[in-house]
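Just below is one structure, and these are the notes that go with it.
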Amino acid sequence: MSLGFFIDALVTVVAVTTPILLAAIGELVVEKSGVINLGVEGMMLIGAVVGFAVTFNYGPDLGDLAPWIGVLGAAIAGAASSLLFGFLVLTLGSNQVATGLALAIFGIGLSSLIGAGYVGMTVEEFGSPFPDWLAGDPVGKVVFGYSPLVYFALIMVFVVGWFLNRTRAGLILRAVGENDLSAHSIGYPVIGIRYAAIAFGGAFAGIAGAYFSMVITPMWAQQMTAGRGWIALALVVFSGWRAGRLLAGAYFFGVLMTLELYAKASGFSFLPSQFWAAMPYIMAVVVLAVISARGVAGSEAPACLGRPFLPSA
Amino acid sequence: MTLTRRNFVKSAAAGLTLPALCRNAFAAEPLKVGFVYLGAIGDYGWTWSHEKGRKELVEALKGQVVANYVENVKEDASAIPIMKDLAQQGNKLIFTTSYGYMDQTLEAAKQFPDVKWEHCTGYKRADNVGTYNSRFYQGRAVTGTIAGMMSKTSTIGYVGSFKIPEVVMGVNAFTLAAQAVNPKITTKLVMIDTWFDPAKEAAAAETLANLGCDVIAQHVDSPAVLQVCEKRKIYGFGYGADMSRFAPKAHLTASLDLWGPYYISRAKAVLDGRWKPDDTWWGFKEGILAMAPYSKAVPENVRAAADKIIAGTKDGSYEVFTGPISDQSGKERVAKGEQMKDADMLVMDWYVKGVQS
């Protein structure tokens, strides 16, 4: 077991973890404002197909800039689809769980429709921004060998953690999620803040989707996120609505998933493969049991999560 | 006859039935054939190859056959009304092209006994339901030969889906053929417990490359494994269709599913009134399996060896599952010189020696 072996494994872990982390950061902000959006999977797929389509269509004209514009397109598309959800739950006061599920299904369908013409096409991978002698180095790649989206995800975990806990705007957002009526009575625009949080979550889900269609496998295939949006949703709960734990939890999932592949490829078939596949979920149950045994002290679940805000009623 | 409402309805009904009767009376009316597809016709994989077969059928029997299809049909109860619809629209021969349509096909067939049904890769038959399959493993013997000759590390990888006979046969044929040209070959096998999850397929391929595999085969639905091979500068194979567009340098060749000849023969059988609910298992010889062109990376001697496997399979002088074959624990499964029977192959649930899983 050489150093190179661990570096290679770590690179795989990062690739597996990043999209889940991106989507979960966005959802964390949404839920902190008191809204639960279960449509992450659908928004990711819309982001994946739009990111791919933009990069594919404008790639020849934009050159090196193409993937950046593609990711921007994915973020905008994700945000736009989330605002549709926002309009239904905030302005019309519909049920958040039902509307979120509808968004997930809508996203699967819409992305398949948009993507029908792009099946079988490929784009350049949105790879490392560093020069080859750094990104391709057997040791250097552990730091420099990733897509810009990987660094972006890591930075944003800290930015979001800082924003929520250390800034006034973050405090207001949390206040809206904890007690919407109080926040409203002292003059904060509850609906406006929630719209902004939902759009932020949608944009991040869109970027997470683009990570699939532009980094892991630079192509479009129907439902290519294969359920990662649901894992991201679970991760937010798992983290107790804390950014730091979100990062740890995402990498915990990533390490377990990679470990499964290594164990199988190395001939550890003394455990059935279904057991390996179930490992992350078994561990999640264990961790959640431990957290709840310690009481709710560790969890920062917003008090108004999922409750519609209708001040006139 | 006075024109009462009742009489009007009667005569109108007679008028409507008359052309219908005439239609049945004339044999020149083309045979309507229906296809039920799992994916989208543009998936460059499983469904795409069946769609190509449908087009060949229409082309070959122009004027005698009309063929329709329904794509993106889920492998659950929702498939039954779609199959019944096809039967109601007058399709007399219906192909259901995925393993997961097995019980649905039988259910629909029970309600439309005069329609002839054919289920792909299944094993349940009825008076009006036949099954058909391809000897996919024959293509694996060709890619295995190429992998065995081109691997420098003598370690080759395999990304599989589930431990079902169809997949196990492929893994074993691939490994046996590679060992025939390089006895030191080890196949590292990763089953990802799903048919389709590009991110997991890619992570599995990355893992195999990290563990020293320099040629990786795949039995999953997306070209993700090939894209990883391209990035890691190692080799891989397409499956079901030519996937070189996804990995121009890494793609060595692919086994191609050509369902056309089968569909044509079955439609002819219906037209001639010879159709029976058969269990068909064809391969290279019958023309429903072929290899894509070899890439530039495949040297001359490797091409020759691969071509020899294809030719031998066609004339019957080569059969990859010929003894002696032992399993992972070293127990002999097929005696020296003996050929495995089809019935044993179809329930294969053990890996040959040299497979690491």
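The values are calculated or read from the model by the stated rules, or taken from the named source; none is laboratory data. Nothing here was measured: the structure is a model prediction, and the numbers come from that model. Note that we place each Cβ from the backbone using ideal geometry, even for glycine, and neighbour counts take in every protein chain shown.
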(request) Might you check whether a residue that is farther than 15 Å from residue A:15 by Cα, more than 9 Å from chain A (Cβ to nearest Cβ), buried (at least 23 other Cβ atoms within 10 Å of the Cβ) and within 24 Å of the chain's Cα centre (by Cα) occurs anywhere in the range B:203-212? (result) no
- Message: Checking the structure you have, find out if any residue of the range B:67-89 is modelled with pLDDT under 95, more than 23 Å from residue B:131 (Cα to Cα) and within 14 Å of chain A (Cβ to nearest Cβ).
- Response: no
Has the range B:38-48 got any residue that is part of a loop (DSSP other than H, G, I, E, B), closer than 27 Å to residue B:113 by Cβ, within 17 Å of the chain's Cα centre (by Cα) and touching a residue at least 40 places away in the same chain (Cβ under 8 Å)? yes
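Does residue B:198 fit the bill of being more than 24 Å from residue B:350 (Cα to Cα) and touching a residue at least 60 places away in the same chain (Cβ under 8 Å)?
On the way: more than 24 Å from residue B:350 (Cα to Cα): yes; touching a residue at least 60 places away in the same chain (Cβ under 8 Å): no.
Taking the combined requirement at face value, the residue does not satisfy it.
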message: Is it the case, given these coordinates, that residue A:126 is within 14 Å of chain B (Cβ to nearest Cβ) and within 19 Å of the chain's Cα centre (by Cα)?
response: yes
The helices (runs of 4 or more DSSP H) lying wholly within the range A:139-248 that contain at least 1 residues that are among the small types (Gly, Ala, Ser) are A:148-166, A:168-178, A:180-185, A:190-211, A:228-238
Of those in the range B:213-224 that are surrounded by 24 or more Cβ atoms within 10 Å (Cβ to Cβ) and over 19 Å from the mean Cα position of the chain (by Cα), the residue nearest to the other protein chains (Cβ to nearest Cβ) is B:224
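If you go through the range A:53-67, how many residues are touching a residue at least 60 places away in the same chain (Cβ under 8 Å) and either of a type outside the set (Val, Ile, Thr) or not in a helix (DSSP H, G or I) (or both)? Don't jump to the end; show me each part of the working.
As a first pass, look at the range A:53-67 and keep what is touching a residue at least 60 places away in the same chain (Cβ under 8 Å): A:53, A:55-56, A:59, A:67.
Narrowing further to those that are either of a type outside the set (Val, Ile, Thr) or not in a helix (DSSP H, G or I) (or both): A:53, A:56, A:59, A:67.
So the answer is 4.
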Selection from the range B:155-182 of residues out of contact with any Gly (no Cβ under 9 Å at 6 or more places or on another chain), surrounded by fewer than 24 Cβ atoms within 10 Å (Cβ to Cβ) and not in a helix (DSSP H, G or I) yields B:161, B:162, B:163, B:164
Exercise for the section: Report yes if residue A:198 is at pLDDT 95 or above and either over 11 Å from the mean Cα position of the chain (by Cα) or at the interface with chain B (Cβ under 10 Å from one of its Cβ atoms) (or both), otherwise no. Expected result: yes
Only unsatisfied item for residue A:38, checking (1) within 13 Å of chain B (Cβ to nearest Cβ); (2) closer than 30 Å to residue A:181 by Cβ; (3) among the hydrophobic types (A, V, I, L, M, F, W, C), is (1)
Residue B:300 vs (1) farther than 26 Å from residue B:147 by Cα; (2) at pLDDT 95 or above: all pass except (1)
Only unsatisfied item for residue A:135, checking (1) of a type in the set (Gly, Ala, Ser); (2) surrounded by fewer than 22 Cβ atoms within 10 Å (Cβ to Cβ); (3) more than 30 Å from residue A:2 (Cβ to Cβ), is (3)
Could we say that residue A:15 is in contact (Cβ under 8 Å) with a residue 60 or more places away in the chain and surrounded by fewer than 24 Cβ atoms within 10 Å (Cβ to Cβ) here?
-> yes
